[in-house]
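Below: one structure, written as structure tokens.
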Amino acid sequence: MPALVTQRKATDEELECLANMLRDAPTSYQRFKQGVENAVVLWAVTSLCFVVIWSVIAWVAGKVADVHWGLSSPVGVWAVIVVIPLCGIYAAIYSVRWVRAWKDYRPLIQADLSAGTVLEERYAFTAAKRFQEPEHGGLIYFLNTVQGKVFTMFDAESQDLGIYEQDPLTSSFRPMSELVLVRSPHTGFVISKTFSGAPLELDPALELEADPKDWPEFEAYCHIAWADLESRLGSRGTTPFGGAAPS
């Protein structure tokens, strides 16, 4: 648990943030529309892949065995009749599962708005380590709490800089010794986070080598102990985006 958690009345700005979340959350119709669009695109892509692969196989068969299996041949026509609908069925099933995997947060956000309260969490940190993911250079911070637990935060600004081919290490994000984090009670969404106190010393960034599925949850406690972060997630050295900025 954080050093201190209190429930209080939400401010007008916090309620407005929740209202914006509710407005931006996809409706049932929008989810259905995106599912249909995904199915159509996936059907087209898989069908195209079949046509390309079949054409290559037919060309090789013609050269090696002098058999004609082109798409206009009887064998090719039957292959199209069978495979193209199967591609459509696969695309539909995949898209239905994809849409069903989305959690509908609208009822929970509405419950937060109706309650009109937020949770205010206070943390105190003693040290920080940062890792840099290799694709865009986004920085993930691991903050050691006074209780000996590890809290994880993602620097979205650094990732945006990397996406636009700028130095992610020039991000304005700087962890400090104290953090006040405001969440909505039902969804657990973070509404705001405010650092204060003394800036934490930052060593050169570590290269994040772990698979994305093994990354810890952000804005929450990490299951990895402070002493095990390097061995579990990466190694020290020159990062893919040019090393570390001054702390």
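For the range 30-49, how many residues meet the condition of being surrounded by 17 or more Cβ atoms within 10 Å (Cβ to Cβ), of a type outside the set (Gly, Ala, Ser) and over 21 Å from the mean Cα position of the chain (by Cα)?
3
Considering each of Ser172, Ser196 in turn, give the residue that is of a type in the set (Gly, Ala, Ser), under 28 Å from Thr11 (Cβ atoms), without any contact (Cβ under 8 Å) to a residue 40 or more places away in the chain and touching a helix residue (DSSP H, G or I) at 6+ places or on another chain (Cβ under 9 Å).
Just a single option satisfies the conditions, and that option is Ser172.
Does at least one position in the range 198-216 carry a residue that is surrounded by fewer than 16 Cβ atoms within 10 Å (Cβ to Cβ), modelled with pLDDT of 95 or more, small (Gly, Ala, Ser) and part of a strand (DSSP E or B)?
Yes, the range 198-216 has at least one match.
Looking at the range 1-29, which of the residues that are open to solvent by 80 Å² or more (accessible area, probe 1.4 Å) and at pLDDT below 90 is farthest from Trp102 (Cα to Cα)?
Leu4
Among Gly62, Gly88, Gly70, which is the only one that is part of a loop (DSSP other than H, G, I, E, B), more than 30 Å from Leu233 (Cα to Cα) and touching a Phe, Trp or Tyr at 6+ places or on another chain (Cβ under 9 Å)?
Only one candidate passes the filter, namely Gly70.
For the range 142-159, give me each residue that is within 13 Å of Asp228 (Cβ to Cβ) and of a type in the set (A, V, I, L, M, F, W, C).
Hits for the range 142-159 are Phe142, Val150.
Could you list, in sequence order, the residues of the range 4-49 that are hydrophobic (A, V, I, L, M, F, W, C) and either within 17 Å of Tyr105 (Cα to Cα) or part of a loop (DSSP other than H, G, I, E, B) (or both)?
Ala10, Leu15, Cys17, Leu18, Ala19, Met21, Leu22, Ala25, Phe32
Within the range 117-156, how many residues turn out to be out of contact with any Phe, Trp or Tyr (no Cβ under 8 Å at 6 or more places or on another chain), among the polar types (S, T, N, Q) and either open to solvent by less than 20 Å² (accessible area, probe 1.4 Å) or closer than 18 Å to Arg174 by Cβ (or both)?
1
Among the residues of the range 118-137 satisfying the criterion of being of a type in the set (A, V, I, L, M) and in contact with a Lys or Arg (Cβ under 8 Å, 6 or more places away or on another chain), which is farthest from Leu233 (Cα to Cα)?
So, considering only residues that are of a type in the set (A, V, I, L, M) and in contact with a Lys or Arg (Cβ under 8 Å, 6 or more places away or on another chain), the one farthest from Leu233 (Cα to Cα) is Val118.
State which residue is least open to solvent (accessible area, probe 1.4 Å) when the search covers only the range 92-116 and only residues that are of a type in the set (Val, Ile, Thr) and in contact with a helix residue (DSSP H, G or I) (Cβ under 6 Å, 6 or more places away or on another chain).
Ile109
Scan the range 193-221 for residues that are over 19 Å from the mean Cα position of the chain (by Cα) and of a type in the set (Ser, Thr, Tyr) and report the count.
Of the residues in the range 193-221, 2 are over 19 Å from the mean Cα position of the chain (by Cα) and of a type in the set (Ser, Thr, Tyr).
Read through the list (1) within 30 Å of Ala19 (Cβ to Cβ); (2) buried (at least 18 other Cβ atoms within 10 Å of the Cβ), then give the number of the only condition that Pro168 fails.
Only one criterion in (1) within 30 Å of Ala19 (Cβ to Cβ); (2) buried (at least 18 other Cβ atoms within 10 Å of the Cβ) is unmet by Pro168, namely (1).
The values are calculated or read from the model by the stated rules, or taken from the named source; none is laboratory data. Keep in mind the model is a prediction, meaning the values are calculated, not measured. Because the Cβ atoms are built from the backbone with ideal geometry, glycine has one as well, and the counts that use them run over all protein chains shown. With ligands, DNA and RNA removed, areas are computed over all heavy atoms of the protein, side chains included. Shrake-Rupley method; radii C 1.70, N 1.55, O 1.52, S 1.80 Å.
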